[in-house]
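**Student:** Mind having a look at this structure? Questions to follow.
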Amino acid sequence: MSDLNYPEEGGTRHRPLPPGYHHLHEERKIGHGPEVLAAAGEAITTFRMHRASGAQVHADAPRAAPGVAVEVALGIGPLWLRAPCRVVWTAEEEDRVGFAYGTRDGHPECGEEAFIAELRADGSVWFTVTAFSRPARLYSRLAGPVVPVFQRLYAQRLGRTLRRLADRPRDSI
């Protein structure tokens, strides 16, 4: 029995994304070559990218794997938004690394979000965030069109963060 709060588990793995949700697709070039892909994949799958972007991350394993519970928290001062999730799939391929997590009860939204680094045929490495979501709590419904804007801004922040992380050795950050 799944503790996800939406029925389309794994929906970010394929296209089209499930209907009835807000869809997000953000891409950012983060570098070039297999070394950048390896560094980006490590930062994504160890939740380092999220932490370096300013989020607090609590996971019941050090690396993303199907079934791993993750809570991401964003905020400042006394105001924090907690978002419980569970990893639903991972990609550890020669040219593609990342994972997707789905929302659990208590998350302000319901849906899924995938974070993938990909080495393309021209040698460039791209970071992609793909998501589908809709409000799950009263306050996220009341926030209306602000939520998708925030999601897009956060995805862009993750891309900038990952570019920085993939370009520098681990011990320099």
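The values are calculated or read from the model by the stated rules, or taken from the named source; none is laboratory data. As the structure is a computational prediction, the values presented were derived from the model and not from experiment. Cβ atoms come from the backbone with ideal geometry, glycine included; neighbour counts cover every protein chain shown. What goes into the accessible areas is simple: the full protein's heavy atoms, side chains included, and nothing from ligands, DNA or RNA. Shrake-Rupley method; radii C 1.70, N 1.55, O 1.52, S 1.80 Å.
**Student:** Given [x] 10.2; [y] 13.1; [z] 12.3, which label gives mean projected area of the Cα convex hull in nm² as computed from the coordinates?
**Tutor:** Here the calculated entry is [x].
**Student:** Taking 8 Å as the Cα distance limit and 6 or more residues as the minimum spacing, I'd like the relative contact order of the chain as a percentage.
**Tutor:** 30
**Student:** Right, something else. Sort 137-145, 64-72, 95-103, 9-17 by packing, meaning the average of other beta carbons within 10 Å per residue, with the highest value first.
**Tutor:** Packing order, densest peptide first, comes out as 95-103, 64-72, 9-17, 137-145.
**Student:** Calculate what fraction, in whole %, of the accessible area of the chain sits on carbon and sulfur atoms when a 1.4 Å probe is rolled over the protein chains.
**Tutor:** After summing per-atom areas, the C and S share lands at 56 percent.
**Student:** Tell me, what is the per residue accessible area of the range 63-173 in Å², probe radius 1.4 Å?
**Tutor:** 50
**Student:** Cβ under 14 Å from Val88's Cβ, Val88 left aside: what net charge do those residues give with Lys, Arg +1 and Asp, Glu -1?
**Tutor:** -2
**Student:** Return the calculated 222 nm mean residue ellipticity for the chain, to the nearest 500 deg cm²/dmol, obtained by summing -39500 (n - 2.57) across DSSP H runs with n ≥ 4 and dividing by the residue count.
**Tutor:** Mean residue ellipticity at 222 nm (helix-derived): -8000 deg cm²/dmol.
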